[in-house]
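Notes to accompany the following structure.
The values are calculated or read from the model by the stated rules, or taken from the named source; none is laboratory data. Only a predicted model underlies this, so the values are computations on that prediction, with no experimental measurement involved. For neighbour counting, all protein chains shown are included, and Cβ atoms are generated from backbone atoms with ideal geometry for every residue, glycine included. Ligands, DNA and RNA are stripped out before the accessible areas are found, and what is left, the full protein with its side chains, is counted by its heavy atoms. Shrake-Rupley method; radii C 1.70, N 1.55, O 1.52, S 1.80 Å.
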Amino acid sequence: MAMARVPILIAVALVAAAASCSAWEPTIRMPTAEAAAAAVDDAVAPLIHALRPLLGSSGELGSRGGVPCDSWRLGVEAYNVRDWKTVPANCEGYVGHYMLGSHFRRDSKVVIDQAIAYVDSLKLAGNGKEVWVFDIDETTLSNLPYYATHGFGARPYNATSFDAYVLEGTAPVLPETKRLYYKLLKVGIKPVFITGRTEDKRAITVGNLRSQGISGWMNLTLKQPGFHGSAISYKSAERKKLQDAGYVIVGNIGDQWSDLLGAPEGARTFKLPDPLYYIS
């Protein structure tokens, strides 16, 4: 019986091989390329739909100028895609699924695991002069409850509605960042906040941080009224003040490259994922 099955299996394999060849050949012969591509899509579609929940593409890859959303996000995180105003419209679902699913949390965990490993490797002077700089929005506190109802970054920024959300003081803490924060307090490194939030939001920001279990920081620096420079110039200048005062910036963490660039950056920088918006 086993021998009898062999010719059948070979025949099936040959038919499959022939079908495979005929499916690929039209991709070379231009007149029938579209028909071949459609046939392949029809055959593969069920498999793609089964994998999408696992791959985190929210039911569609979406693209802008032919670039899939996951590739666009990689470009954003690597600082190759710059000066963008909104998430590509076709990527709203992808970004939403990424942020609300487990993928964002896993990516954040990788960053914080590396940050904590770095802290464990430090030979601290223990003189009270070692500090770690934190950003606030999308680094310490998450504004995802706002963006989840405002297009996940696919809609133009609305300062009025965003400020109204901030003034509620209900932004949840990012759990991975909180883990790093507590680690720093334990080893004697002083947390310092440098945020793009303006001075008039100090009270609500302090209250929001404390309500989420974040306290014990050394400084909380907010942007002063009338400042019109870039985020890089503002934050690097504030870090320079720390350095000039004799503090050693052993670490710096943010969700934007503008949180990290500009001397002095700190001994080591860590970039958290954020595909929701870009700040130059």
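Results, tabulated for the structure shown:
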quantity: Residue in segment 236-243 that is surrounded by fewer than 14 Cβ atoms within 10 Å (Cβ to Cβ) and either under 23 Å from the mean Cα position of the chain (by Cα) or farther than 19 Å from Lys271 by Cβ (or both) present; calculated: yes
quantity: Filtered residue count, segment 188-197, keeping only those that are surrounded by fewer than 16 Cβ atoms within 10 Å (Cβ to Cβ) and on the phi < 0 side of the Ramachandran plot; calculated: 0
quantity: Qualifying positions in segment 144-176 - hydrophobic (A, V, I, L, M, F, W, C), within 18 Å of the chain's Cα centre (by Cα) and over 23 Å from Gly213 (Cα atoms); calculated: Ala148, Phe152, Ala154
quantity: Residue match in segment 188-206 (condition: of a type in the set (A, V, I, L, M, F, W, C), in a helix (DSSP H, G or I) and free of Cβ contacts under 8 Å to residues at least 24 places away in the same chain); calculated: yes
quantity: Selected residue (criterion: nearest to Ser211 (Cα to Cα)) from residues of segment 111-143 that are assigned to a helix (DSSP H, G or I) and open to solvent by less than 60 Å² (accessible area, probe 1.4 Å); calculated: Ile112
quantity: Any hit, segment 52-69, residues being within 15 Å of Ala154 (Cβ to Cβ) and modelled with pLDDT of 95 or more; calculated: yes
quantity: Tyr94 open to solvent by less than 20 Å² (accessible area, probe 1.4 Å), closer than 30 Å to Asp244 by Cβ, assigned to a helix (DSSP H, G or I) and not basic (Lys, Arg); calculated: no
quantity: Selected residue [touching a Gly at 6+ places or on another chain (Cβ under 8 Å) and surrounded by fewer than 22 Cβ atoms within 10 Å (Cβ to Cβ)] from Ala159, Ala164, Ala148; calculated: Ala148
quantity: Pairs, first without any contact (Cβ under 8 Å) to a residue 60 or more places away in the chain in segment 240-265, second among the polar types (S, T, N, Q) and part of a helix (DSSP H, G or I), C-beta under 6 Å, six or more apart; calculated: Gly262/Ser236; Pro264/Gln243
